[in-house]
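Below you'll find the structure, written out as structure tokens, and then a few comments.
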Amino acid sequence: MSNLIARSKFCLTAAMVLLVHSWIGATAENLRYSPVSRDVVETRLVKYAGNNKQREATLKQMFAEAGCDDQHLSEQPVKGSKLPNVICLLPGSSDKVIIVGAHFDRVSEGDGVVDNWSGASLLPSLYEAVKIEPRKHTYIFIGFTDEEQGEVGSHFYARQMTRDQVAAADAMINMDTLGLAPTEVWASHSDKRLTGALAYIAKQLNVPVTGVNVEQVGSTDAEQFSDRKIPRITIHSLTQETWNAHILHTSKDKLSAIRLDDYYQTYRLLAAYVAFLDQVASIPATPNPH
Ligand SMILES: [Zn+2]
């Protein structure tokens with residue numbers, strides 16, 4: 001069990017930031033977004049209680065409280081699951097789309113806080129952060145059902161997308177298992193430009209982000225979007241140390257396993273990142289001059 005996780009040797013904040021500069025030649029100076037307070041993030045995190053049905057209802061309620069009204073908030077029935085995906089739509093001015101997702105279901109061991117209420121409960125707070133101003137992209141925030149049963153909710157969602165919807169999807173940002181450590185990216189299973197944009201924003205905010213590959217831990221919802229050739233990125237917090245602590249899918253998956261400083265920092269980073277992607281996600285890659 002000692003080498004399940006291979007930490008990427010490359011430094012995200014050097015090579016990847018260069019990549020973003022050559023890609024967009026832009027800065028994040030004009031970035032407008034409004035992150036919620038740490039208090040709000042933690043209030044949502046502690047609402048993990050209950051079975052999957054209760055958690056689905058809690059997520060929907062939190063979206064509503066965050067301002068996602070009846071017109072934009074929906075439950076998508078999912079074939080093969082007793083529970084729906086929860087979807088909050090933030091319309092933009094173009095037909096381009098950014099999808100932000102996290103699964104809300106849990107396994108029976110532990111409290112399912114790390115895996116993955118830590119990701120799901122951030123969705124309404126990310127919605128709040130970007131909704132303060134008109135965006136070009138339409139944002140689709142999705143709480144997926146039954147990831148633990150084989151990515152059932154994300155599989156259904158990705159498969160029911162039409163060809164046009166797939167073409168319009170510039171990015172899928174997946175959050176799974178946050179708060180055990182500073183922000184990590186599953187670099188080997190993430191789009192290089194999306195990873196570069198994250199490293200760029202992290203540098204602007206002066207918060208850490210590194211690449212930790214988790215092929216041997218399992219899979220996650222983003223892979224369903226990759227299968228449809230949609231650029232995707234998975235954010236997590238697993239390291240060799242946190243993996244060795246045997247927290248996932250055990251009785252140790254409790255609120256006390258979350259490092260709240262790291263968790264809020266991950267939120268702040270993602271709030272800026274999700275807003276930033278509106279400016280850059282549609283820009284085609286410039287060919288490498290070398
Ligand atoms: Zn998970």
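Observations, loosely collected:
For (1) of a type in the set (D, E, K, R); (2) within 19 Å of Gly119 (Cα to Cα), each residue gets a yes or a no:
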site	(1), (2)
Ile173	no, yes
Leu180	no, yes
Phe225	no, yes
Lys229	yes, no
Arg232	yes, yes
Ser237	no, yes
Asp261	yes, yes
Tyr264	no, yes
Tyr267	no, yes
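- Within the stretch 181-198, restricting attention to residues that are more than 15 Å from the chain's Cα centre (by Cα) and open to solvent by less than 10 Å² (accessible area, probe 1.4 Å), the residue that is nearest to the ligand (Cβ to nearest atom) is Ala181.
- One residue alone among Ser125, Ser121 is open to solvent by less than 10 Å² (accessible area, probe 1.4 Å) and in contact with a Lys or Arg (Cβ under 6 Å, 6 or more places away or on another chain), and that residue is Ser121.
- Only one of the listed residues (Ile132, Ile140) is away from the ligand (no atom under 16 Å from the Cβ), under 19 Å from the mean Cα position of the chain (by Cα), outside any helix (DSSP H, G or I) and hydrophobic (A, V, I, L, M, F, W, C). That residue is Ile140.
- The set of residues in the stretch 96-106 that are more than 9 Å from the ligand (Cβ to nearest atom) and either under 19 Å from Val78 (Cβ atoms) or not aliphatic (A, V, I, L, M) (or both) comprises Lys96, Ile99, Val100, Gly101, Phe104.
- When Val217, Val212 are checked against the criterion of being assigned to a strand (DSSP E or B), modelled with pLDDT under 95 and within 16 Å of the ligand (Cβ to nearest atom), a single residue qualifies: Val212.
- Test: residue in the stretch 110-127 that is touching a residue at least 24 places away in the same chain (Cβ under 8 Å), in a loop (DSSP other than H, G, I, E, B), more than 11 Å from the ligand (Cβ to nearest atom) and over 15 Å from the mean Cα position of the chain (by Cα): yes
- Residue identified as in contact with a strand residue (DSSP E or B) (Cβ under 7 Å, 6 or more places away or on another chain), among the small types (Gly, Ala, Ser) and modelled with pLDDT of 95 or more among Gly143, Gly179: Gly143
Rundown of residues vs (1) surrounded by fewer than 22 Cβ atoms within 10 Å (Cβ to Cβ); (2) closer than 27 Å to Met161 by Cβ, yes/no style:
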{"residue": "Ser219", "(1), (2)": "yes, yes"}
{"residue": "Ile235", "(1), (2)": "no, yes"}
{"residue": "Leu238", "(1), (2)": "no, no"}
{"residue": "Thr242", "(1), (2)": "no, no"}
{"residue": "Ile247", "(1), (2)": "yes, no"}
{"residue": "Leu255", "(1), (2)": "yes, no"}
{"residue": "Val274", "(1), (2)": "no, yes"}
{"residue": "Gln279", "(1), (2)": "yes, yes"}
{"residue": "Ser282", "(1), (2)": "yes, yes"}
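The values are calculated or read from the model by the stated rules, or taken from the named source; none is laboratory data. In this text, all values refer to a predicted model and were calculated from it rather than measured experimentally. Don't worry about glycine lacking a Cβ; one is built from the backbone with ideal geometry, like all the others, and counts go over all protein chains shown. Just so you know, the surface numbers come from the protein's heavy atoms only, side chains and all, with ligands and any DNA or RNA stripped out. Shrake-Rupley method; radii C 1.70, N 1.55, O 1.52, S 1.80 Å.
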